[in-house]
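The values are calculated or read from the model by the stated rules, or taken from the named source; none is laboratory data. This is a predicted model, so every value here is computed, not measured. Because the Cβ atoms are built from the backbone with ideal geometry, glycine has one as well, and the counts that use them run over all protein chains shown. Remember, those area values only see protein heavy atoms, side chains included, never the ligands or the DNA or RNA. Shrake-Rupley method; radii C 1.70, N 1.55, O 1.52, S 1.80 Å.
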Amino acid sequence: MAYTRKDVTTLTRTERRRFVGALLEVKRLGEYDEFVRTHIEYYVPDGDLGLRTAHMAPSFLPWHRRFLLDLERALRRVDPSVTVPYWDWTKDRGTTSAPWTADLLGGNGRRPDRRVTTGPFAYAEGNWTLKENVTDEKALTRDLGRARDPIDLPTGSELESALAEPVYDTSPWDSRSAKGFRNRLEGWGSGRGSAAWRNHNRVHRWVGGVMVGGASVNDPVFWLHHAFIDLQWWRWQQRHRQARYLPATPPGPGSEQYRRVVARHEKMPPWDVTPAELEDVSGIYRYA
């Protein structure tokens, strides 16, 4: 029977406590750091040679859908009542309300070093030491809104610009794709600064700290953010019912994307699953 993912602002006090408790237990068991390692490993830009599955590629959405499901399954082994909530950053745009409360993810980092000092994931609590990272930093860090170089969260109209795209993705199937839902949602644009970061990408930069880069999974808000991104894929599918994941077939030997992107029915590393198999998850979960 399908379970429900909820808006984080609607969680009861008990649901908040159980979600946090399950995250801390998955961390204590050592499983959480495996997720961090996997994301670092698959954080491959389109300028690199070889297969890209997690970012700057059509499989950005199914890859993170499966990644999110794996984390959710780990949480539900600890507590079957838990699901991953989503953070709607088009309407919950403050730095002190959910999810940035002491009983959920804690707040912003302190000014000198951006270290988070409130909530259950603060380093001083002793339960959330960063063990897999791209730096030597052991504490969770954030810079909500980037005080020194302010940046705003994406707006509803910016998200709508992605949802309105009638085609899932287009050639060249990377960060340069000018059209297509996937790249508009992932958020690779032209220009410099905030103009080049849209939707998904800009949220990572707005949170700052460890959320910028391959080790972004170290911040639990990663999952709430990607649950909302996953919800957008579902909404796009409802709006464009005849549209499917693209490319349908692998780019040929003459293409610069030959063997570099995953087609609809190709296996998507590191799992034995295809994007087509992840297009419909209505039998697993739904969104409130």
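Listing for the model above:
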| read-out | value |
| --- | --- |
| Expected 222 nm ellipticity per residue - DSSP helices of 4 or more, -39500 (n - 2.57), all of the chain, to 500 | -9500 deg cm²/dmol |
| Residues whose placed amide H lies under 5 Å from that of Ala122, excluding near-sequence neighbours | none |
| Calculated diffusion of the range 74-162, Stokes-Einstein form, Kirkwood radius summed over Cα pairs, 25 °C and 0.890 mPa s, µm²/s | 163 µm²/s |
| Length added when fully stretched, Val273-Gln238, from 0.36 nm per residue minus Cα-Cα | 10.3 nm |
| Apportionment of accessible area to carbon and sulfur, the chain, percent (1.4 Å) | 49 percent |
| Residue-count net charge about Asp169 - beta-carbon cut-off 12 Å; Lys, Arg +1, Asp, Glu -1 | +3 |
| Amide H contacts of Tyr86 (H built 1.01 Å from N, under 5 Å, at least 5 apart or other chain) | Lys6, Asp7, Val8 |
| Cα point-scatterer Debye curve for the range 233-288, base-10 log of I(q)/I(0) at q = 0.26 Å⁻¹ | -1.09 |
| For the range 31-45, 3J(HN,Hα) per residue [Karplus equation, 6.51 cos²θ - 1.76 cosθ + 1.60, θ = phi - 60°, Hz, x = Gly/Pro] | 6, 4, 5, 5, 5, 4, 4, 4, 5, 4, 4, 9, 7, 10, x |
| Backbone HN-Hα couplings from phi across the range 86-100 [Karplus 6.51/-1.76/1.60, Hz, Gly and Pro as x] | 10, 10, 7, 6, 7, 10, 9, 10, x, 10, 10, 8, 3, x, 8 |
| Å² per residue, accessible surface of the chain at 1.4 Å | 44 Å² |
| The range 243-288 versus the range 153-181: alpha-carbon centroid distance in Å | 17 Å |
| Debye intensity ratio in log₁₀ form over the Cα atoms of the range 1-117, taken at each q of 0.10, 0.12, 0.20 Å⁻¹ | -0.39, -0.56, -1.27 |
| Nearest-ten-degree value, helix 13-28 long axis tilted from longest Cα axis of the chain | 80 degrees |
| When each of Lys179/Lys267; Lys138/Lys267; Lys6/Lys27 is checked by Cα-Cα distance, pairs over 29 Å | Lys138/Lys267 |
| Selection from Trp173, His55, Leu140, by position along the positive dipole direction of the chain (Cβ) | Leu140 |
| Contour minus Cα-Cα distance for Arg13 and Arg148 (0.36 nm per residue) | 45.2 nm |
| Mean Cα-pair separation over length for the range 1-110, i.e. relative contact order, pairs under 8 Å, 6 or more apart, % | 38 percent |
| Student exercise, the range 1-85 dipole from Lys, Arg, Asp, Glu Cβ charges, in Debye to nearest 20 | 460 debye |
| Projected area, mean over directions - the range 115-274, Cα convex hull, nm² | 11.6 nm² |
| P(r) tail fraction, the chain - alpha-carbon pairs more than 27 Å apart, % | 38 percent |
| Nearest-ten-degree value, helix 60-78 long axis tilted from longest Cα axis of the chain | 40 degrees |
| Amide H contacts under 5 Å for Tyr3, placed H, 5+ residues apart | Tyr285, Arg286 |
